[in-house]
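*Asks:* Have a look at this one.
The values are calculated or read from the model by the stated rules, or taken from the named source; none is laboratory data. Quick caveat: nothing in here was measured; it's all calculated off a predicted structure. In this analysis, Cβ positions are derived from the backbone assuming ideal geometry, glycine residues included, and neighbour counts consider all displayed protein chains. In case anyone asks, the SASA skips ligands and DNA or RNA and just uses the protein heavy atoms, side chains included. Shrake-Rupley method; radii C 1.70, N 1.55, O 1.52, S 1.80 Å.
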Amino acid sequence: MEQERRTKVEQACRTAEEFIKHYYEGLDRRRNVMSRLYLDTATLLWNGNGIAGKEFIQKFFENLPSTDHIVSSIDSQPLTTGSTCHFPLTIVVSVSGFIAFCQEQPQAFQQQLLITAEGDKWKIVSDCFRFQEP
Amino acid sequence: IVFDVSEEVKLPPYVVSFVCSPEGQQVAKQFLEQYFNIYDSDNRQAIGDAYHENAHFSLAITLPKGDGNHKLNQYMPDNRNLMRVRDANRRMKLLINGKENIISKLKELPLTKHDLASFTVDLPIFNPQLMFLNISGIFIERKLHLPTRYFSRTFVIVPLGGGFVIINDLLNITNATEKQAKAAFTKPIVETPVTSPVATPVVSP
């Protein structure tokens, strides 16, 4: 049981670190592939604006001015309720850092992701982004 | 003559709250009021009722940019920022597991007062299986003279025995900006009527 938890925790850490790398590299340099990181039915909340479905999320990002992200912290946990886990292979990731639009002054942001395994790929179920200061 | 390549930075408007359903809004509001009422009290013992037996809690610190005197030192021993904590055993140890351990850890953290009027609330998922609740806002450490803090916190909440319990709690703490510190605890809490039109996901802009 404890060993099983350990395996899940380690997997959550590894997945979070790799996923975050792909995510911000994608957003900063290869926006056209962003939708691949999302479930078909995913939701993005961007400073309180709700966007549903990966096609609309893709469109949203393509309309966003160009970005540069600097990540300062990552934390991650597996979803588990013990012996009867209702959420196999799902993790929650919390990120903070700085975002700059079009080389302007960077500002602090926080972001939370719920990520699940769909077949052999990790996909975002829910993506929640906010500036620290409006 | 120059090239016309400069981009105008035009962003979607900043919206303080996004809640996916009226029921979700009701539950989230009640949950947050109860939770922070206990969390901001002198004894956090009763906070345990909010957690699942096997829940996880962890804390990560974001150091403010260019501020050497951030005074976040008292949180550093618990800082699980995976970019700094590379050792697998240490990552395990800093992920607090189980209701009793979480109560102990939360009781160790400095006593707080949260500015509920500063909260942003995002509830992208509210269904019979799961609630994904993300909040952020301002707080101070009540008995200490320290900078005003900014936090963001993520709760994964599941139904249990007619109520709800937290299975994941991720807390991120940093310092408030100068502007945020100035505005802290100056605004009254604005009650958002539950019957107000609740946004469903739309394409924006």
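*Asks:* Given segment A:1-81, what strands (runs of 3 or more DSSP E) lie entirely inside it while holding 1 or more residues that are more than 7 Å from chain B (Cβ to nearest Cβ) and modelled with pLDDT of 95 or more?
*Replies:* The qualifying strands (runs of 3 or more DSSP E) are A:38-46, A:67-78.
*Asks:* Also: Can you pull out every residue in segment A:95-129 that is in a loop (DSSP other than H, G, I, E, B) and either crowded, with 20+ Cβ neighbours inside 10 Å or more than 10 Å from every other protein chain (Cβ to nearest Cβ) (or both)? Steps first, please.
*Replies:* First, the residues of segment A:95-129 that are in a loop (DSSP other than H, G, I, E, B): A:102-106, A:119-120.
Those that are in a loop (DSSP other than H, G, I, E, B) and either crowded, with 20+ Cβ neighbours inside 10 Å or more than 10 Å from every other protein chain (Cβ to nearest Cβ) (or both): A:Gln105, A:Gly119, A:Asp120.
*Asks:* Restricting the first residue to segment A:11-31 and requiring it to be over 16 Å from A:Asp127 (Cα atoms), which pairs with a second residue that is open to solvent by less than 10 Å² (accessible area, probe 1.4 Å) and among the small types (Gly, Ala, Ser) meet a Cβ separation below 7 Å and a spacing of at least six or different chains?
*Replies:* Sorted first by the residue in segment A:11-31, then by its partner, the pairs are A:Ala12/A:Ser76; A:Cys13/A:Ser76.
*Asks:* Of the residues B:Gln30, B:Gln25, B:Gln34, only one is touching a Ser or Thr at 6+ places or on another chain (Cβ under 8 Å), assigned to a helix (DSSP H, G or I) and away from chain A (no Cβ under 13 Å); which? Give the derivation first.
*Replies:* Working: B:Gln30 fails: touching a Ser or Thr at 6+ places or on another chain (Cβ under 8 Å); B:Gln34 fails: touching a Ser or Thr at 6+ places or on another chain (Cβ under 8 Å).
Sole residue among the options that is touching a Ser or Thr at 6+ places or on another chain (Cβ under 8 Å), assigned to a helix (DSSP H, G or I) and away from chain A (no Cβ under 13 Å): B:Gln25.
*Asks:* Please specify each residue of segment B:146-205 satisfying the condition of being at pLDDT 80 or above, surrounded by fewer than 22 Cβ atoms within 10 Å (Cβ to Cβ), of a type outside the set (S, T, N, Q) and assigned to a loop (DSSP other than H, G, I, E, B).
*Replies:* Matches in segment B:146-205: B:Leu146, B:Pro147, B:Gly161, B:Gly162, B:Ala184, B:Phe185, B:Lys187, B:Pro188.
*Asks:* Also, I was wondering about something else. Would it be correct to say that B:Lys29 is among the charged types (D, E, K, R) and without any contact (Cβ under 8 Å) to a residue 60 or more places away in the chain?
*Replies:* Numbers: among the charged types (D, E, K, R): yes; without any contact (Cβ under 8 Å) to a residue 60 or more places away in the chain: no.
When the stated conditions are applied, B:Lys29 does not pass them.
*Asks:* Could you list, in sequence order, the residues of segment B:123-143 that are farther than 16 Å from B:Ala184 by Cα and more than 10 Å from the chain's Cα centre (by Cα)?
*Replies:* B:Leu123, B:Pro124, B:Ile125, B:Phe126, B:Asn127, B:Pro128, B:Gln129, B:Leu130, B:Met131, B:Phe132, B:Lys143
*Asks:* Look through B:Ala88, B:Ala50, B:Ala46 and report the one residue that is touching a strand residue (DSSP E or B) at 6+ places or on another chain (Cβ under 7 Å) and not β-branched (Val, Ile, Thr).
*Replies:* Values: B:Ala88 fails: touching a strand residue (DSSP E or B) at 6+ places or on another chain (Cβ under 7 Å); B:Ala46 fails: touching a strand residue (DSSP E or B) at 6+ places or on another chain (Cβ under 7 Å).
After ruling out the rest, the residue left standing is B:Ala50.
*Asks:* Would you point out the residue of segment B:116-145, among those that are buried (at least 21 other Cβ atoms within 10 Å of the Cβ) and more than 12 Å from chain A (Cβ to nearest Cβ), that is farthest from A:Gln112 (Cα to Cα)?
*Replies:* The extreme case among them is B:Ile140.
*Asks:* Please enumerate the residues belonging to segment B:67-97 that are loosely packed, with under 12 Cβ neighbours inside 10 Å and small (Gly, Ala, Ser).
*Replies:* Result: B:Gly68, single match.
*Asks:* Can you go through A:Thr41, A:Thr81 and tell me which one is without any contact (Cβ under 8 Å) to a residue 12 or more places away in the chain, over 14 Å from the mean Cα position of the chain (by Cα) and over 21 Å from A:Arg130 (Cβ atoms)?
*Replies:* Details: A:Thr41 fails: without any contact (Cβ under 8 Å) to a residue 12 or more places away in the chain.
Checking each option against the conditions leaves just A:Thr81.
*Asks:* Also: Answer with yes or no whether A:Gly53 is among the small types (Gly, Ala, Ser), out of contact with any strand residue (DSSP E or B) (no Cβ under 9 Å at 6 or more places or on another chain) and open to solvent by less than 80 Å² (accessible area, probe 1.4 Å).
*Replies:* Judged against the criteria, A:Gly53 is not a match.
*Asks:* Continuing with this model, one more query. Go through segment B:40-66 residue by residue and tally those that are part of a helix (DSSP H, G or I), in contact (Cβ under 8 Å) with a residue 12 or more places away in the chain and open to solvent by 10 Å² or more (accessible area, probe 1.4 Å). Give the steps one after another, and end with the answer.
*Replies:* Looking only at segment B:40-66, we keep the residues that are part of a helix (DSSP H, G or I), and these are B:45-50.
Cutting the leftovers down to in contact (Cβ under 8 Å) with a residue 12 or more places away in the chain gives us B:45, B:47-48, B:50.
With the extra rule that they be open to solvent by 10 Å² or more (accessible area, probe 1.4 Å), the set shrinks to B:45, B:50.
Here the count works out to 2.
*Asks:* Being away from every other protein chain (no Cβ under 11 Å), part of a strand (DSSP E or B) and modelled with pLDDT of 95 or more is true for just one of B:Lys113, B:Lys107. Which residue is that? Walk me through how you get there before you give the answer.
*Replies:* Values: B:Lys107 fails: part of a strand (DSSP E or B).
None of the other options fit; the residue is B:Lys113.
*Asks:* Tell me which of these B:Tyr35 doesn't satisfy, since it passes every other one: (1) within 28 Å of B:Lys187 (Cβ to Cβ); (2) over 17 Å from the mean Cα position of the chain (by Cα).
*Replies:* Unmet condition: (2).
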